[in-house]
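We did not get these values from a lab; they are worked out from the coordinates using the rules stated. The shown structure was predicted, so the numbers you read here are calculated from the model rather than taken from an experiment. Positions of Cβ are backbone-derived with ideal geometry, glycine not excepted, and every protein chain shown enters the neighbour counts.
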């Protein structure tokens, strides 16, 4: 605490264009104790989840991708692919760190980064729950386990650390046009993306990328003016994202479309500033960022948007519970373990480690925040 400058008043008085450019809902997601200590990077700040299919298998097996909205909807097409492609083919390849991306999206993690505790995003009562014990989560974990047993998920998923190229199907948090980079990276001719969850704002999605200023800085106003410039000036924005013009990228259509000419520029564009004055990469839809902005505009809000759990008095409990989760999570989220046996064991250990104290404190803080 105390490392970052309070910019609540300064960002409005010194950089009104920056403050006005970012929607109030997004600013709300950055608040700590009712104050602003950072500038959010306004991009795909809401979460939208997609199923991603290799079109080759969509065509081969006649998969009606537009009507696949839930996890159970995936059962038939995944089984059709498995039956048709054979024993060594895994329609849903996974790695240990990710499992099925977005599996717990329906629950707000209160910025804790700890899936077993959360609030259902559409729960108007804002009740903190043990997520692993919720009926919808149990049902989906059982389905994952059946896929693992039936060879739909790769048997080494709990220990595998990197994805293979050419995945037949995967889940991803994304935005329109993201499939272009996956097609290149995976050497797949065409991926089809199907939106199935969101868009939704949570405090965690907004806080996924923030720029803060040191509390000890002598140049707080100047730093804010720099952030205002990079969020409003396309030339500077493209330089930060892509590198040196003529070396790392070339202009195709002014500052609106560029073509990458090297892969040596190391900076993560999502961490720097907005997407909405950034050029699109050749091959992506030219209205890519307009589509992302439309997703943000259409996004609903989590029932606890703006709330971030204060764990200053819960450090021991959080660390102990995280250790328990780390012990079991890879087996659980890849479908390798039987949830009917594992969930009671995990939750018992979590309660011994202090999960009930975390849940009680979270509920008290939420009730106080929204009173």
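Hey, what did the range 63-122 get for relative contact order, percent, Cα under 8 Å, at least 6 apart?
On the way: 28 pairs, mean separation 10.2, N = 60.
Once divided by the residue count of the range 63-122, the mean separation gives 17 percent.
Sort 145, 196 so that the residue with the fewest other Cβ atoms within 10 Å of its own Cβ comes first and the one with the most comes last. Present the calculation step by step, with values, prior to reporting the outcome.
On the way: 145 22, 196 19.
Sorted ascending by nearby Cβ count, the order is 196, 145.
How would you classify the range 282-336 from its alpha-carbon gyration tensor, with a ≥ b ≥ c the square roots of the eigenvalues: rounded for a/c under 1.5, else prolate if a/b is greater than b/c, otherwise oblate?
oblate
So for the range 77-170, averaging the separation of alpha carbon pairs under 8 Å that are six or more residues apart and normalising by length, what relative contact order in percent results?
Values: 103 pairs, mean separation 39.1, N = 94.
In percent, rounded to a whole number, it is 42.
Could you please rank 256, 329, 371, placing first whichever residue has the fewest other Cβ atoms within 10 Å of its Cβ?
Values: 256 15, 329 19, 371 5.
Fewest-to-most ranking of 256, 329, 371: 371, 256, 329.
Return 274, 205, 347 ranked ascending by Cβ neighbour count within 10 Å, so the fewest neighbours appear first. Write out the running numbers ahead of the final one.
Values: 274 21, 205 24, 347 17.
By the 10 Å Cβ count, ascending: 347, 274, 205.
Dividing the convex hull volume of the alpha carbon atoms of the range 8-118 by its residue count, what do you get in Å³ per residue? Numbers along the way, then the final one.
Numbers: hull volume 17.5 nm³, N = 111.
Residue-normalised Cα hull volume stands at 158 Å³.
Set the Förster radius R0 to 30 Å, insert the Cβ-Cβ distance between residue 70 and residue 98 as r into 1/(1 + (r/R0)^6), and round the FRET efficiency to 0.05.
On the way: r = 19 Å, r/R0 = 0.65.
Efficiency at R0 = 30 Å is approximately 0.95.
So what's the convex hull volume per residue for the Cα atoms of the range 59-178, in Å³?
On the way: hull volume 17.0 nm³, N = 120.
So the per-residue Cα hull volume is 142 Å³.
Taking square-rooted eigenvalues a ≥ b ≥ c of the alpha carbon gyration tensor, is the range 194-287 rounded, prolate or oblate, where a/c under 1.5 means rounded and, failing that, a/b exceeding b/c means prolate? Could you put the intermediate results ahead of the total?
Details: a/c = 2.14, a/b = 1.18, b/c = 1.82.
Oblate, because a/c is 1.5 or more while a/b does not exceed b/c.
Given points 7 Å out from each Cα along the Cα-Cβ axis, report the residue 24 to residue 340 separation in nanometres with one decimal.
Result: 5.1 nm between the two label points.
Per-residue ellipticity at 222 nm for the chain, helices alone: DSSP H runs ≥ 4 residues times -39500 (n - 2.57), over residue total, nearest 500 deg cm²/dmol? Please list the in-between numbers first.
On the way: 14 runs with 142 residues, N = 371.
Mean residue ellipticity at 222 nm (helix-derived): -11500 deg cm²/dmol.
Residues in the range 90-134, backbone N under 14 Å from the label point at residue 142 (7 Å along the Cα-to-beta-carbon vector): list them, ranges by number please.
133-134
Quote the FRET efficiency, to the nearest 0.05, computed for residue 256 versus residue 360 with a Förster distance R0 of 45 Å and r equal to the Cβ-Cβ distance. Intermediate values should be presented prior to the final figure.
Working: r = 52 Å, r/R0 = 1.15.
Here the calculated transfer efficiency is 0.30.
Which one, 247, 131, 119, has the greatest fluctuation when you compute a Gaussian network model over the chain with C-alpha springs under 10 angstrom?
Looking only at 247, 131, 119, the largest GNM fluctuation is found for 247.
Expressed as a rounded percentage, what relative contact order does the chain have, with Cα pairs under 8 Å and six or more residues apart? Please list the in-between numbers first.
Numbers: 605 pairs, mean separation 101.9, N = 371.
Normalised by residue count, the contact order of the chain is 27 percent.
Could you please state, rounded to a whole Å, how far the C-alpha centre of the range 7-56 is from the C-alpha centre of the range 74-117?
28 Å
Let a ≥ b ≥ c be the square roots of the eigenvalues of the Cα gyration tensor of the range 248-371; is it rounded (a/c under 1.5), or, if not, prolate (a/b larger than b/c) or oblate? Don't jump to the answer; show the numbers that get you there.
Values: a/c = 2.83, a/b = 1.96, b/c = 1.44.
Judged from the Cα gyration tensor, the range 248-371 comes out prolate (a/c at least 1.5, a/b above b/c).
According to the Kirkwood expression over distinct Cα-Cα pairs, how big is the hydrodynamic radius of the chain, in Å?
Working: mean 1/r = 0.0444 Å⁻¹.
Its Kirkwood hydrodynamic radius stands at 22.5 Å.
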